[in-house]
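Structure, as structure tokens:
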Amino acid sequence: MNWIEVLGWVGSAILVVSLLQTRVLRLRWINLVGCIVLIGYNAVVGVWPMVGLNVVLAIINVVYLWRMLRTRHDADAYTVLEVEPDDRYLGHVLGVHGEDIARYNPGFAHDPAAEHSAFLVLQGDETVGVVLARDAGEGTAEIVLDWVTPKHRDFSPGEFVYRESGLFARRGFTRVLSPAGMRSPYYERIGFRPQGERFVLEVPAGR
């Protein structure tokens, strides 16, 4: 097997790997790399219809990546909807995704009777995240759950609950405390500061 064949197999393998991704942003990046490799391979062996196909696919990936990255931190792309802790739809979302929620928030157990603030994060009509918070006293809102669907995990849409909506300031909270034991936290990227093993966000009054 010569290097040209190796290049073709590598490109094909990259495309297969891209289709196994649950995160849409990662899928597009990996698929784009695979298309570029296969453009090179098919150009060398002279299979021009496949060159054309992969050029078109690469352009499609670039367009989608541009759209996703452009709206990644755009508050207009997401809606934060407050619901009651015992809301049936909230319970349905938590139940359907219970295994994934437990993977990133070990020890979490939803109590519909608890005095929590509950927020759904939506993109259009699709629910992409859930944030539950409780009053920990002394002006502190403690996050009980911060979860995002696997598809949108590269976008951290939960940030809009903290950074854009003003939901905590209107309740008189002056700081937000991240969940205990959360795996793969993203809080430093959205203005939280480390405090031991957790993160804290200072919320200015009237925000």
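The values are calculated or read from the model by the stated rules, or taken from the named source; none is laboratory data. Quick caveat, the model's predicted, so the values are computed rather than measured. Positions of Cβ are generated from backbone atoms using ideal geometry, with glycine treated the same way; all protein chains shown enter the neighbour counts. To get the accessible areas, we keep the full protein, side chains included, count just its heavy atoms, and leave off ligands, DNA and RNA. Shrake-Rupley method; radii C 1.70, N 1.55, O 1.52, S 1.80 Å.
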* To do: Compare SER184, SER156, SER12 in a GNM of the chain, Cα atoms joined below 10 Å, and give the one with the largest fluctuation.
  => SER184
* **Hz values of 3J(HN,Hα) by residue in the range 98-114 - Karplus curve (6.51, -1.76, 1.60), Gly and Pro given as x** => x, 5, 5, 4, 5, 5, 9, 10, x, x, 6, 9, 6, 10, x, 8, 6
* Measure off 7 Å from each Cα along the Cα-to-Cβ vector at ARG26 and ARG171, then give the distance between these two points in nanometres to one decimal. => 3.1
* Per residue, what accessible area does the range 79-138 have, given a 1.4 Å probe and all protein chains present, in Å²? -> 57
* How much of the accessible area of the range 126-180, in percent, comes from carbon and sulfur atoms when a 1.4 Å probe is used? -> 45
* **Under Karplus coefficients 6.51, -1.76 and 1.60, residue-wise ³J(HN,Hα) of the range 130-144 in Hz, glycine/proline x** => 9, 10, 10, 9, 10, 7, 9, x, 6, x, 10, 9, 9, 6, 8
* Identify which of ALA77, ALA118, ALA141 has the largest mean-square fluctuation in a Gaussian network model of the chain, with springs joining Cα atoms closer than 10 Å. => ALA77
* **Antiparallel bridge percentage (DSSP; both residues within the chain; nearest 5)** => 90
* To do: Find, among the GluC sites (Glu not before Pro) in the range 13-118, those assigned to loop by DSSP (not H, G, I, E, B) with at most 14 other beta-carbon atoms within 10 angstrom.
  => GLU115
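Calculate what fraction, in whole %, of the accessible area of the range 1-123 sits on carbon and sulfur atoms when a 1.4 Å probe is rolled over the protein chains. Write down the numbers at each step before the final one.
Numbers: 4760 of 7520 Å².
Here carbon and sulfur together make up 63 percent of the probe-accessible area.
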* Structure fact -> For the ASP135, VAL96 Cβ pair and Förster radius 35 Å, calculated FRET efficiency rounded to 0.05 is 0.80
* Just how much of THR174 is accessible, in Å², when a 1.4 Å probe is used and the result is rounded to the nearest 10? -> 70
* Under 1.5 on a/c is rounded, so check that first for the range 131-174, then, if it is not, pick prolate when a/b is larger than b/c and oblate when it is not; a ≥ b ≥ c are the square roots of the alpha carbon gyration tensor eigenvalues. => oblate
* To do: Would you kindly derive the ³J(HN,Hα) couplings of the range 181-191 from the backbone phi angles with the Karplus curve 6.51 cos²θ - 1.76 cosθ + 1.60 (θ = phi - 60°), listing them in order in whole Hz, with x for Gly and Pro?
  => x, 5, 8, 6, x, 10, 5, 4, 6, 10, x
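Would you mind calculating the gained length between ALA109 and VAL6 on full extension (0.36 nm times residue separation, minus the Cα-Cα distance), in nm to one decimal? Present the calculation step by step, with values, prior to reporting the outcome.
Numbers: separation 103, 0.36 × 103 = 37.08 nm, distance 4.94 nm.
Contour length minus Cα-Cα distance gives 32.1 nm.
What number comes out for accessible area per residue over the range 8-52 if the probe is 1.4 Å? Units Å², please.
Numbers: 2520 Å² over 45 residues.
Dividing the accessible area of the range 8-52 by its residue count gives 56 Å².
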* **Amide H partners (placed H, <5 Å) of LEU145, local residues excluded** => LEU132
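Of ARG103, ARG189, ARG88, which has the most accessible area and how do the rest follow, probe 1.4 Å? List each step's numbers first, then the result.
Values: ARG103 110, ARG189 155, ARG88 210 Å².
The residues order as ARG88, ARG189, ARG103, largest area first.
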* Residues whose placed amide H lies under 5 Å from that of PHE199, excluding near-sequence neighbours -> SER178
* Structure fact -> Under 5 Å from the placed amide H of VAL83, counting only residues 5+ away or on other chains, we find ALA118, PHE119, LEU120
